[in-house]
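The values are calculated or read from the model by the stated rules, or taken from the named source; none is laboratory data. Predicted model only: the values in this text are computed from it and were never measured. Methodologically, a virtual Cβ is constructed for each residue, glycine included, from the backbone with ideal geometry; neighbour enumeration extends over all protein chains shown. Just the protein is used for accessible areas: all its heavy atoms, side chains included, with ligands, DNA and RNA removed. Shrake-Rupley method; radii C 1.70, N 1.55, O 1.52, S 1.80 Å.
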Amino acid sequence: MIAIALFSIFLVLIGLQTPIIIAIGLSVVAALVMGGFSGVLWIIPMKVLESAGNSSLLAIPFFVLVGNLMNAVGITERIFNLANALVGHFRAGLAQVNVLASLLLAGGTGVAVADIAGLGAVEIKAMRERGYTSSFASAITVVSAIVAPFIPPSVPLVVYAFLSNQSVARMFLAGIVPGIMISASLMIFNRVLATRTVFPTQPRATAREIWKHTLSGTVALVAPAIIMGGILTGVTTASEAGVLASGYVILLGIVFRTLSWAALTKALTETVLMTSMIMMIIGFAASMGWFMAIEQIPQGMARALPGLIESRLVFFLTIMVLVLALGCFIDGVTIKLLLVPILLPLVDTYAIDRVHFGIVLEMSLIMGIATPPLGIGLFVASRISGAPLEGIVRSVLPYFIPLLIVLAMLLMVPQTSLWLPNFILGPG
C-alpha cells in the first residue's frame, strides 16, 4: 500500500506540473513518514550526496560539455554542410540532410533535446529558406533527434549502464546499429513521402565541394572517435575520454577562430545547469530506490509478475506501452531512475539480456520527446521555428510508422543490439 501511495503522490505532483526533483523528493518524504521512517529523513540528503559523488557518473558532465562546446565553436554548421554535400540532392533533400546531420552530430551531443536545440536551429532555418514549411521542418528535426541517445557518447546510456551494472563501452557499442537503423528508416520514409509530396530540390554538390566539406566535417567527428577509442582500448576511462574530447573541441575552436570567451562561458554555464539537474534527479531518485529496496518492492514484483505474465514477449510489450505512455509526461532519465531498479529483477527472471533490454527501453523512452501532447521535443522545435504546435504534431505523426517498425525489430531481434558488442568485447 505504501508503494502505491508513493507512486500515486508522485504522479499527482507531476500532474500539477511540479518540478521533477521536488515531486520525487516530496513523494519519498511522504512515503517514509507513512511507512514509519520519519526518524530517518536524513537518508534523502545522504543519498543525494552519495549519488552525486559516484565515480561511474563522472563522465556525464564531460559528455555534456563536449556537445555544448561543439555548438559553441560552430561545428554543428560544418556537420550540416557535410550532410548537405552528401545527400542534399536527393529527393526531399534537406529532410534527408536533417536526418544524416543528426546521426553525425549525435556523437557530439548524445542528448536528443541538445540536438534539437543546437543543430535544429541550423536545420530549420535552412529548410525554411528553401521552401519547406516550418511545421514539416520542425517535425523532421524532432524525429531525427531520436537517434542522439544511441550514438556514443550517450548520457542516457551512461545512466542505464550505472543502474544496470553494465559496462559503458558495451552499452555504447550496443547503441550504434540501432542508431543507424533509426536514421535509415527515417530516410527511407522521407523518400516515400517524396513520391506523394513535391519537396524543394537542389543541385548535386561538385566533387570539390564534397571534398571541402568532408575535410571540414571530418575533423569535427574526431571528438566522439576519441571517446570511443579511449574507452575501447582501455587507454582512458569514460571520464578521461570526455576530458580529452572537450580539449580537442576547444583546440578546434582556437584553430578555426570560432571560439570566443562569451561562447565558452555559455557552454560552461549550460553544462553546469544541465549536469546539476541530472545529478539532482539521480540523487533524489536514489533515495526513492533505497525506500523501495527496504520495502522489497522489486523482489515482490519479481516473484508475483511471472505468475501473471508467462510470456517474455508479453512482458516486453507491457513495459514498452508503459514507458511510451510515461515518456509523454516525464523525461527519460527520471523514468529510468524510477523503473530500472524495479524492472531488473524481472528482466533477469525472464532471462532477458540487460544490454538488449536497455536499448529497447531507451527506444521506447526517447520516442516520448515526439509524442503528443507533451513531448518536450515538440515544444523545443516550436520555440525555435515559431511553428504552431498543432502543425508540428500533424507532421510528426506519420513518422511513428518507421519508428515503431524499428522498435519492433529491436524487440524481436536481440542481435540488432547485441551483435556489435559481442563481436568486439566478447559475449557479456
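At-a-glance table
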quantity: Exposure rank, largest accessible area first [ARG208, ARG170; 1.4 Å]; calculated: ARG208, ARG170
quantity: Inter-label distance, nm, simple model (7 Å from Cα along the C-beta direction), ARG130/THR237; calculated: 4.4 nm
quantity: Taking the chain and dividing mean pair separation by its residue count, relative contact order in percent (alpha carbons under 8 Å, at least six apart); calculated: 24 percent
quantity: Efficiency of FRET from Cβ geometry, ARG91 and ASP348, R₀ 41 Å, rounded to 0.05; calculated: 0.30
quantity: Residue-averaged 222 nm ellipticity for the chain, from DSSP H runs of 4+ at -39500 (n - 2.57), nearest 500; calculated: -25000 deg cm²/dmol
quantity: Length released on extending from LEU317 to THR258, taking residue separation times 0.36 nm less the Cα-Cα span; calculated: 16.5 nm
quantity: Relative frequency of Cα-Cα separations exceeding 39 Å in the chain, percent; calculated: 18 percent
quantity: Largest-first ordering by accessible area, 1.4 Å probe, given options SER382, SER8; calculated: SER8, SER382
quantity: Accessible area of ARG128 in the full protein assembly, 1.4 Å probe (Å², nearest 10); calculated: 110 Å²
quantity: The stretch 154-287 - Rg over Rh from alpha carbon coordinates, Kirkwood radius; calculated: 1.05
quantity: Rounded to 10°, Cα long-axis angle of helix 155-164 versus longest principal axis of the chain; calculated: 30 degrees
quantity: Percent accessible area from carbon and sulfur atoms, the chain, protein chains only, probe 1.4 Å; calculated: 69 percent
quantity: Part-to-part distance (alpha-carbon centres) for the stretch 163-180 and the stretch 135-155, which is given in Å; calculated: 17 Å
quantity: Net charge dipole size for the chain [Lys, Arg +1 and Asp, Glu -1 on Cβ; Debye, nearest 20]; calculated: 1000 debye
quantity: Shape category assigned to the stretch 337-397 from the gyration tensor of Cα positions, a/c cut at 1.5; calculated: prolate
quantity: Exposure ranking of VAL198, VAL380 by accessible area [1.4 Å probe, largest first]; calculated: VAL198, VAL380
quantity: Solvent-accessible heavy-atom area per residue, rounded to whole Å², over the stretch 75-221 at 1.4 Å; calculated: 35 Å²
quantity: MET292 - accessible surface, heavy atoms, 1.4 Å probe, Å² rounded to 10; calculated: 0 Å²
